[in-house]
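Participant: Here you go, one structure.
The values are calculated or read from the model by the stated rules, or taken from the named source; none is laboratory data. Keep in mind it's a predicted model, so treat the numbers as computed, not measured. Don't worry about glycine lacking a Cβ; one is built from the backbone with ideal geometry, like all the others, and counts go over all protein chains shown. Ligands, DNA and RNA are stripped out before the accessible areas are found, and what is left, the full protein with its side chains, is counted by its heavy atoms. Shrake-Rupley method; radii C 1.70, N 1.55, O 1.52, S 1.80 Å.
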Amino acid sequence: MWSGGELAEISRDMRAALVRSIEDAVANGAVLVDVDWPALTPRLVEAHVTVMAYEAARMPAEESTHPDRLSAPLNELPAHGRSITTGDYEHARSVARRERSTVPALLGDVDAVLGPAAPGVALKGLTATGAPVLSRPWQLLGLPAPTVRGHRDAQGMPLGLQLVGHPDRLEGLFSLGHAVERAARAKGWALSRGDRRRPPIRTAQSSTTAAKDTSAVPTVPPRRPGALSHFQ
């Protein structure tokens, strides 16, 4: 499980949705493998912002000729990029190159990383899509990160999770995402006010309260058919 708490303040509803899916997977045979994501993701986000802004400022686009039709964040992006030096840009690219080899290696023996896709529920209206910070690390690395639906808060607003996986195992990643979504929908996991606390996570190796900022990767043990049989 990846809590995402080192990058943004994650709402109680989102934390509860994540824990419910994790506990359901563990109850059906999944194993949590410890990975220190908070030591890695902040610098990936910083590098992504640098690369994206620098390139946006230097790549001609039709949109740039109509700033009055763009949102404030889109207009601010190239403005920020023009202040970034080439040295900082190349450093950010070196971070991306290095971690593109190390992070897939971390994913080599697991099925996926399950975490929040956003800090909270989807925003109402069409004026904004919400904070993208929780997808930035995986965008920088070019890793697949499909959003998993199925959870809702007490008002019926969707709470999206995301699965991050190895780029060479897309079919398995999408199958796992479909299984997690089907489980959430089948159980009708819409949160009530009383469900907003974070329940404990229990694994075969340890027991820890979800109030701690722990990070682990949910995975089905290799060569254990049927470990997620209730999803089939």
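Participant: Check THR102 against each of (1) over 30 Å from LYS187 (Cα atoms); (2) at pLDDT below 90 and name the one condition it does not meet.
Facilitator: Among (1) over 30 Å from LYS187 (Cα atoms); (2) at pLDDT below 90, THR102 violates only (2).
Participant: Right, another one. Please determine, by comparing only the residues of the stretch 77-102 that are in a helix (DSSP H, G or I) and among the β-branched types (Val, Ile, Thr), which one is least open to solvent (accessible area, probe 1.4 Å). Give the steps one after another, and end with the answer.
Facilitator: To start, the set of residues in the stretch 77-102 that are in a helix (DSSP H, G or I) comprises 77-81, 86-102.
Checking which are among the β-branched types (Val, Ile, Thr) leaves us with 86, 95, 102.
On the way: THR86: 77, VAL95: 9, THR102: 59 Å².
Selected residue: VAL95.
Participant: Taking VAL45, is it in a helix (DSSP H, G or I), in contact with a Lys or Arg (Cβ under 8 Å, 6 or more places away or on another chain), in contact (Cβ under 8 Å) with a residue 24 or more places away in the chain and among the aliphatic types (A, V, I, L, M)?
Facilitator: Answer is yes for this residue.
Participant: For the list (1) buried (at least 20 other Cβ atoms within 10 Å of the Cβ); (2) farther than 18 Å from ALA39 by Cα, I need the number of the one condition that LEU141 fails.
Facilitator: (2)
Participant: Being in contact (Cβ under 8 Å) with a residue 40 or more places away in the chain and either in contact with a Ser or Thr (Cβ under 9 Å, 6 or more places away or on another chain) or surrounded by 17 or more Cβ atoms within 10 Å (Cβ to Cβ) (or both) is the requirement here; does ALA57 meet it?
Facilitator: Numbers: in contact (Cβ under 8 Å) with a residue 40 or more places away in the chain: no; either in contact with a Ser or Thr (Cβ under 9 Å, 6 or more places away or on another chain) or surrounded by 17 or more Cβ atoms within 10 Å (Cβ to Cβ) (or both): yes.
No.
Participant: Restricting attention to the stretch 80-94, does a residue exist that is modelled with pLDDT under 95 and of a type in the set (A, V, I, L, M)?
Facilitator: No, that holds for no residue.
Participant: Right, another one. Scanning the stretch 103-126 for residues that are touching a residue at least 40 places away in the same chain (Cβ under 8 Å) and open to solvent by 50 Å² or more (accessible area, probe 1.4 Å), which turns out nearest to VAL19 (Cα to Cα)?
Facilitator: That would be VAL121.
Participant: Listed residues LEU74, LEU18; which is under 30 Å from HIS178 (Cα atoms) and part of a helix (DSSP H, G or I)?
Facilitator: Answer to the check: LEU18.
Participant: For the stretch 21-42: of the residues being in a helix (DSSP H, G or I) and open to solvent by 50 Å² or more (accessible area, probe 1.4 Å), which is farthest from HIS91 (Cα to Cα)?
Facilitator: Only one residue tops the list, namely ALA27.
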